[in-house]
Structure formats: structure tokens, C-alpha cells
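K.L.:
Dropping a structure here in C-alpha cells format, bear with me for questions.
The values are calculated or read from the model by the stated rules, or taken from the named source; none is laboratory data. Computed from a predicted model, the values in this text were never measured in an experiment. Don't worry about glycine lacking a Cβ; one is built from the backbone with ideal geometry, like all the others, and counts go over all protein chains shown. For accessibility, only protein heavy atoms count, side chains too; no ligands or nucleic acids. Shrake-Rupley method; radii C 1.70, N 1.55, O 1.52, S 1.80 Å.
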Amino acid sequence: FALPVAAYMVQEQEAHAAAQNERTFIAIKPDGVQRGLVAEIISRLERKGFKLVAIKITVPSKEFAQKHYHDLKDRPFFNGLCQFLSSGPVVAMVWEGEGVIKYGRKLIGATNPQASEPGTIRGDLAVVVGRNIIHGSDGPETAKDEINLWFKPQELVNYKSNEEKWIYG
Ligand code: ADP
């Protein structure tokens, strides 16, 4: 347990570097796109210090929407939700950074915008649960599944940004 200080610091840096590779799936739903909120939403995630590693705009089919929301298939709003997600362009993204899955959800805010805190994306920019403008994976397993559903591996970009040393130290 008595590692020399230098070795301990290297271990710390490596743990930090691995944590920085955490990825989540975030999508701006058709209401967010139609309302011209794409740049606003991307800007909030960028300014936080998270890194955009994949992005596309696409109109998902209803079948695709059903796959994306398969966990909710028994909920009464499932059909309307899938209909809505496939009703127009969606901006699908993968964001990377330490704690991005959990903190991404914090930036997004509670599912119902009436309960979302001011300062969150849904709190500041949406009013009702059926039009809450954005989706974010709710845990490591769903993040992995959703990234795989929406993106091919070659659509994910690995790169270093110069800002990282100022964000992570
Ligand atoms: P979140 O998107 O915050 O992870 P859920 O996974 O519970 O929330 O629900 C997925 C989406 O289904 C929500 O973002 C919202 O668009 C929609 N939804 C959830 N609850 C309702 C509801 N009671 N009525 C209509 N739509 C709902």
C-alpha cells in the first residue's frame, strides 16, 4: 500500500483518463429541433466541458422509435411517444466525459418539465412532459445499448481536445 508518490500519481492520472472516456447517448427530439434549440442545447453540454464524439440528424422510423423506447412498451403513452419521436428530425449525439451519463441527466432535468429545476435544459426550455425536447441515457447499460442502436462504431470519433488539460488538470 505504500506506493511511492510518483507511482500513486500515475495511477490517479490513469484512473482519471479512463473515467474521461465515459460516453452517453443524448438526442434532441423533434420538438427541440423544430423550436431551433439545437445550438442552445449543444452549447450547454460543450460549455460544461463534455466532448461531442458523434452527431447526426435523422428522422427515425416508428419501428426504430419503438426499439429505442422498448423499456416503456407497457406504458399508456408508449404509442404516442413513438409516433412523436418519428414525426420529424432528431439530432442524435454521443457525448463523452467524466461522469457524463449521470451529470448529463442533471443538465437535462427531471422528465416532467414542470418538475425540472430552473437552470436545467427542460426547466428552462420546455413546459410539458410529452414535449420535453431532449433524451439522455439513464445509466451505463442503456448508454451502451442506445449508442449501439443509433450509431455504427465507425461513426464515433476518438480525438483529444486541447481544452482537456484545463478541464481535468
Ligand atoms: P426520461 O426521458 O426523463 O428518461 P422516461 O424514460 O420515463 O423519462 O420517459 C421517456 C419519455 O417518455 C419522456 O422523456 C417523455 O417524453 C415521455 N413520457 C414520460 N412520461 C410521460 C407521460 N406521463 N405522458 C406522456 N409522455 C411521457
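K.L.:
Just want the answer: with Cβ charges of +1 for Lys and Arg and -1 for Asp and Glu, which residue in GLY169, ALA54, VAL127 is farthest toward the dipole's positive end in the chain?
P.N.:
VAL127
K.L.:
Next question. Calculate, for LEU72 and GLU98, the FRET efficiency according to 1/(1 + (r/R0)^6) with r their C-beta to C-beta distance and R0 35 Å; round to the nearest 0.05. Could the numbers behind the result be given before it?
P.N.:
Numbers: r = 29 Å, r/R0 = 0.83.
For LEU72 and GLU98, the calculated efficiency is 0.75.
K.L.:
Moving to a separate point now. With +1 on the Cβ of every Lys and Arg and -1 on the Cβ of every Asp and Glu, and nothing else charged, how large is the dipole of the chain about its Cα centre, in debye rounded to the nearest 20?
P.N.:
440 debye
K.L.:
While we're looking at this one, here's another question. Hey, what's the per residue convex hull volume over the C-alpha atoms of region 80-169, in cubic angstrom?
P.N.:
Values: hull volume 11.8 nm³, N = 90.
Once divided by residue count, the hull of region 80-169 is 131 Å³.
K.L.:
Okay, moving on. With the calculation restricted to Cα positions, what are the radius of gyration and Dmax of region 40-95 in angstrom?
P.N.:
Considering region 40-95 through its Cα atoms, Rg and Dmax are 13.6, 37 Å.
K.L.:
Can you give me the angle between helix 5-19 and the longest principal axis of the chain, using Cα atoms only, in degrees from 0 to 90, rounded to the nearest 10?
P.N.:
10 degrees
K.L.:
Here's another thing I want to ask about it. Which order do you get for SER137, SER61 if you rank them by accessible area with a 1.4 Å probe, largest at the top? Numbers along the way, then the final one.
P.N.:
On the way: SER137 0, SER61 55 Å².
Descending accessible area places them as SER61, SER137.
K.L.:
Next up: Quick one: how many Å² of LYS62 are accessible to a 1.4 Å probe, rounded to 10?
P.N.:
50 Å²
K.L.:
Counting only C-alpha contacts under 8 Å and six or more residues apart, can you give the relative contact order of the chain as a whole percent?
P.N.:
Numbers: 237 pairs, mean separation 51.6, N = 169.
It comes to 31 percent, rounded to a whole number.
K.L.:
Quick one: how many Å² of SER86 are accessible to a 1.4 Å probe, rounded to 10?
P.N.:
Its accessible surface works out to 30 Å², give or take rounding.
K.L.:
Can you give the accessible area of LEU81, probe radius 1.4 Å, in Å² rounded to 10?
P.N.:
My reading of the accessible area for LEU81 is about 40 Å².
K.L.:
Given only helices, namely DSSP H runs of n ≥ 4 each adding -39500 (n - 2.57), what is the per-residue ellipticity at 222 nm of the chain, to the nearest 500 deg cm²/dmol?
P.N.:
Working: 9 runs with 76 residues, N = 169.
Computed ellipticity for the chain at 222 nm equals -12500 deg cm²/dmol.
K.L.:
Give the ranking of ASP31, ASP138, ASP74 by solvent-accessible surface, highest area first, calculated with a 1.4 Å probe.
P.N.:
Values: ASP31 15, ASP138 105, ASP74 135 Å².
Sorted descending by solvent-accessible area, the residues read ASP74, ASP138, ASP31.
K.L.:
What angle, in degrees between 0 and 90 and rounded to the nearest 10, separates the Cα long axis of helix 140-150 from the longest principal axis of the Cα atoms of the chain?
P.N.:
Compared with the principal axis, the helix lies near 60 degrees.
K.L.:
Taking 1 over the mean of 1/r across every pair of different Cα atoms in the chain, what Kirkwood radius in Å do you get? Mind dumping the intermediate values first?
P.N.:
Values: mean 1/r = 0.0586 Å⁻¹.
For the chain, inverting the mean 1/r across all distinct Cα pairs yields 17.1 Å.
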